[in-house]
Amino acid sequence: MISKRLSAIFLFLFLIILYDSAFSQEQQYFGKNKVQYKTFDWYYIQSEDFDVYFYRDAQPLATFAVDVLEDAYDKIRKELNYDLKKRVPVIVYCSHNEFQQTNVIGSLIEEGVGGFTEAFKNRVVIPFSGSYEDFRHVLHHELTHALIFDMLYGNTLSSLISRQYLFRLPLWFSEGYAEYSSRHGWDTFSDMYMRDATINGYLAPLEWAGGFLVYKEGQSAIAYLVEKYGEEKITEVLAKGKLHLTIDKALKASIGKTTEEFEKEWMLAMRKEYWPEIAIRTEPKDIAKPLTDHEKDNSFYNEKPEFAPSGDRLAFFSDRSSYPEILIISTIDGAIIERLLRGAQSAQFESFHAYQSGLSWSSDGKNIAFVSKSHGYDKLMTMNVRKKKISDKFKFKFDSISSPDFSPDGNSIVFSATKNGKSDLYLADFKTGTATALTDDLYDDKEPDFMADGGGIIFSSDRPSHPAEDDTAFTYGTYNIFKMDIPEHSITAITDTTGINTDPAISPDGGHLCFVSDRNGIYNLYIKELPDGKVYPITNALSGCFSPAWSPDGDQIAFSGFQKAGFDIFLMKKIKPIETDGNGLAPTPFVAKDPKSIFVPVPPPAESPADSVKSAEKSTPDFSDYVFSVGKEHIDSEYPEIADTTKTTSSANQDSIPVYKDSEGNFIKKKYKLKFTPDYVAGDLGYDTYYGFSGQSFFAFSDIFGNHNLFISTNLGNFLDQLNVEAYYFYTAHRIDYGIGLFHSQNYYIDPLDRLFSDRIYGGVVSASWPFSKFTRLELSALHLSIGRKYHDPPFDDSDKRAFETSLSLINDTVLWGITGPVNGHRYALHYRQSINKLFDSNLDFQTTEFDYRKYLNINTRYLLATRFSGGASFGKTPQEFFLGGTANWIGRKTERNDIYGIRDIYFGSLVTPLRGYNYYETTGDHYALMNLEFRYPFIEYFKMKFPLPMTISYVNGVWFYDMGATWFEDEGFRGVKTVNGTTRLNDLKAGFGFGARANLGIFVLKYDAAWRTDWNGISEKPRHYFSFGAEF
């Protein structure tokens, strides 16, 4: 998926190769869009080591980030025994929706990305999710990457030519250490993943682990490395890596073991720790009826179940179609009753935030409430289940929205939302369309659930269970369950333990509370009887249980359970306490090592009663009044309020010591000013006594936010008249993206008559791209191109062509990608190009239209049907020509004709592929049509070769294909088939079929095809073989 800044690079490269060969339509650019829904007005504050950028009302987040970063830096520098050599820029966004609009990297940012560190400028980019603990964790996590980048590669320009640049730290080590350091070593969620992976046999070799698993396996491996060999080995491995250039040799030099030996040792330790758990735990299916099976339907998550008022149906989120969906199933057998909505294919339903949000039925069963990211903003929506139409849509001015819940009377919805660095509860009124704040503080208030009488709300929060009189100590990260009395706006703690207590669900009679707690080290379901306060577990899961929901009669509980690397929906019909010895569920080995790490009852402070009530109407003071702490660990420094000033303190050594705060101790808020710095610089220069000087260079510059991008490329031949230069500038800060470029080149060729000739090409291009949504955009460009051809051998047929061309394109793309190409969804493109003769004395006259439609039907995991239909036509006095045959990026290509040397052929013709079984330029015309059908399937799962070339390849895909296409000239007409001696055979139409294989080698996809041509009357005796590179169409 390519967009924004990356699209600029691809357009740049496209213009470079445009004049050397015809552009293959098979590789025509599609891609989704990164849309700037907002314009950000940036400021920044500074500390000793960091520049933190923020906008709007994100100042509190910036101040929080500064002290967290400095605190984390103190910890990391001790672990790595390394100090930063240069300042680290940190960019803070108020929400994930706004974070996805960043141009710091060009690629799309999916919902599961919690932050990233960019390598060239060592920029850290972070969104706020509503939880200050999550914010702290991601800041710390990304800072480890920034330090390691600085430690391993240092200055970008020098590192590119140094030997240490060849060392590539494997993902398991870099992400594993980041998680280890930022998670204080280990945590219950990581423990759940590793326990499940070890017991169910999907623990992967470290070098082959991917996705989320590589984070958890890496964290576990680093924790084991520290426990077994000492924390100093982390730094030693990195230092040895710079010396030996491979992680295998680095580990051998540090701990005396290769990666494979260390891996076996670590895996054995995992089995010793987790296998005994099987005897004392149960799987969800042992105590509840499974209603989904992610292994059979190829889903990853089936989450957030919600009973319909009738009790016979459940609504939940699922990704079984590879796209997020809201499904309704039967509680009897799990059969799908209704596919209510499918997301990630339109601007209105871009995302349902299934990991964070939830669903709610209205009491009459007619409507379901949910949250959808719609046109860049979170909207609270209700849908009529029977009509499948949106009933209500609320767009509030929040950064994000989650977890809606209908009131019993159906007149309002309570939900959680973030705004300006705070996560609070709000009440939406259907009649007025307004939202009223129920809480107003810095704590992460989430997952609200109405009491049966509608007068109260149960929710989870990391606010203190027993607030002290001095509320300036902001302690966060410990979640408990609370009850709010709406009329009184009073809040009372229902649970009071450390660790995680979330996902509250109140029974229909209001007498029982079901919630999730990790108090024994595993996420289990607990019941608290509200009259007497008795608490007991109802699951003793081997992995984890989440999102409980009561049936309308209160006799059953549906929940989501994690097992075998996926989430499924279960229905518990017998709700009863798990028998224990009176001390609760047996702790996991992780908790047993430190019983206080998870579950510790929190006693009320002496000056405050146990049932203390805190007013929700009280607005939390500014950060200047707070001292932050995570659990029991207080950050020493205070958070002063940011002053909107540029004044600095006066001191004798002010010129030599940077000043970051004003005379009152407030951070100095500075307005960001545009400044270009290099992203990438490369080049070489040579001299030959016969040919003279030659060299090439490439420069890439951008501002700190990636909104302004400048690319310059030069290539000097033997003489100055052979200087090739291109320069392009792209501006992507707003909704519409703009680009402008200039280019000049001169190259020498030899034609079929053995004549030497040169083509001088120069011109300019301007472009604009207007994304309607993530999936659809409109592109407009104008190109002036002049080509002068000069022959250096007789006959001297010198000529020149000039063209001023405009183009308009409509592009839509909803595909999901697999290892070698798209695996689901569809994409289409409509193009119109026209030359304008009256400008620049153009001597070309054409109007061209083209279309390209592709559909991918996912049959099963990695089994799919891919179809493509494309066509085009060109008109005018000098129409463009289309050349059909071959496949894109053909290695060792073969051509049917050797006379394609005309200026119109090379620079204005179009190579149409794939038509396998044929050579390049097999047929020519000013019209074309092409159809491609492919059945794609998994071919080789894992292949490892020792001799003669050590090589390992995994996930090789196979393909069966059928291609059919034709070209024709308008004045000659089209005749697809003909009849000879009573037999129908192809005429203008050409067809080929065959099989092939595709392997992703990391840097590119290698493809092999064997194709036979056919005219429907016969088949070629031998196949034509194609080796090519590039993703599948």
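Sort region 42-279 into rounded, prolate or oblate with this rule: let a ≥ b ≥ c be the square roots of the eigenvalues of the Cα gyration tensor; rounded if a/c is under 1.5, and if a/c is not under 1.5, prolate when a/b is larger than b/c, oblate otherwise.
On the way: a/c = 1.98, a/b = 1.35, b/c = 1.46.
Oblate, since a/c reaches 1.5 and b/c is not below a/b.
Please label the shape of region 363-508 as rounded, prolate or oblate, based on the square roots a ≥ b ≥ c of the eigenvalues of the alpha-carbon gyration tensor (a/c under 1.5 means rounded; beyond that, a/b larger than b/c means prolate, else oblate). Prolate. Just going by the charge dipole of the chain, with Lys and Arg at +1 and Asp and Glu at -1 on Cβ, which of LEU742, TYR921, TYR680 is farthest out on the positive end? The residue sitting most towards the positive pole is TYR921. Of interest is the spacing of the C-alpha centroids, which for region 806-853 and region 958-979 amounts to 21 Å.
The packing ranking of peptides 745-753, 584-592, highest mean first, is 584-592, 745-753, where packing means the average number of other beta carbon atoms within 10 angstrom of each residue.
For an R0 of 60 angstrom, estimate the FRET efficiency from the Cβ-Cβ distance between ASN987 and LEU742 and round to the nearest 0.05. Provide the component values of the computation, followed by the final result.
Numbers: r = 46 Å, r/R0 = 0.77.
Efficiency, rounded to the nearest 0.05: 0.85.
Note on region 993-1027 and region 906-936: Cα centroid distance 15 Å, given to the nearest whole angstrom.
Using the Cα centre of the chain as the reference point, and only Cβ charges (+1 on K/R, -1 on D/E), how large is the resulting charge dipole? Debye, rounded to the nearest 20.
Numbers: 108 positive and 136 negative charges, 630 e Å.
Once rounded to the nearest 20, the dipole reads 3020 debye.
Here the Debye sum runs over all C-alpha atoms of the chain as equal scatterers in vacuum, and log10 of I(q)/I(0) at q = 0.04, 0.05, 0.10 Å⁻¹ comes out as -0.24, -0.37, -1.38.
Of the GluC sites (Glu not before Pro) found in region 32-132, those in coil by DSSP whose Cβ has at most 16 other Cβ atoms within 10 Å are GLU48, GLU110.
What ranking do 36-43, 521-528, 828-835 get when scored by the average of other Cβ atoms within 10 Å per residue, highest first? Mind showing how you got there, number by number?
Details: 36-43: 16.2, 521-528: 24.2, 828-835: 18.2.
So the order, starting with the most tightly packed, is 521-528, 828-835, 36-43.
If the limit is 23 Å between Cα atoms, which of LYS242/LYS1007; LYS855/LYS944; LYS379/LYS774; LYS242/LYS944; LYS228/LYS944 go over it? Display every interim value, and only then the final one.
Details: LYS242/LYS1007 35 Å; LYS855/LYS944 34 Å; LYS379/LYS774 16 Å; LYS242/LYS944 28 Å; LYS228/LYS944 31 Å.
With Cα atoms farther than 23 Å apart: LYS242/LYS1007; LYS855/LYS944; LYS242/LYS944; LYS228/LYS944.
Could you order the peptides 318-327, 292-301, 169-178, 941-950 from most to least packed, using the average number of other C-beta atoms within 10 Å per residue? Each step should come with its number before you reach the end.
On the way: 318-327: 21.0, 292-301: 17.6, 169-178: 23.0, 941-950: 8.6.
Packing proxy ranking, top to bottom: 169-178, 318-327, 292-301, 941-950.
Note: region 814-1033, Cα convex hull, 161 Å³ per residue. How would you classify region 284-615 from its alpha-carbon gyration tensor, with a ≥ b ≥ c the square roots of the eigenvalues: rounded for a/c under 1.5, else prolate if a/b is greater than b/c, otherwise oblate? Oblate shape, in that a/c is at least 1.5 and b/c is the bigger or equal ratio.
What length, rounded to one decimal in nm, is gained on full extension from LYS894 through to ARG168, with 0.36 nm per residue of separation minus their alpha-carbon distance?
On the way: separation 726, 0.36 × 726 = 261.36 nm, distance 3.78 nm.
Roughly 257.6 nm would be gained on extension.
Think of the chain as having a plus end and a minus end, set by charges on the Cβ of Lys, Arg, Asp and Glu; of PRO587, TYR426, SER391, SER391 sits farthest toward the positive end of this dipole. Listed cross-link partners LYS564/LYS593; LYS801/LYS838; LYS304/LYS574; LYS366/LYS393; LYS838/LYS877; LYS419/LYS675 are compared with a 18 Å cut-off, the Cα-Cα value being larger for LYS564/LYS593; LYS304/LYS574; LYS419/LYS675. Between LYS395 and LYS366, the contour length at 0.36 nm per residue exceeds the alpha carbon distance by 8.3 nm. Of CYS94, CYS514, the sequence from fewest to most neighbouring Cβ atoms within 10 angstrom is CYS514, CYS94.
Rule-based calculations on the coordinates, nothing more; no lab input. Since we're looking at a predicted model, the values are computed, not measured. All Cβ positions, even for glycine, are placed from backbone atoms using ideal geometry, and neighbour counts span all protein chains on display.
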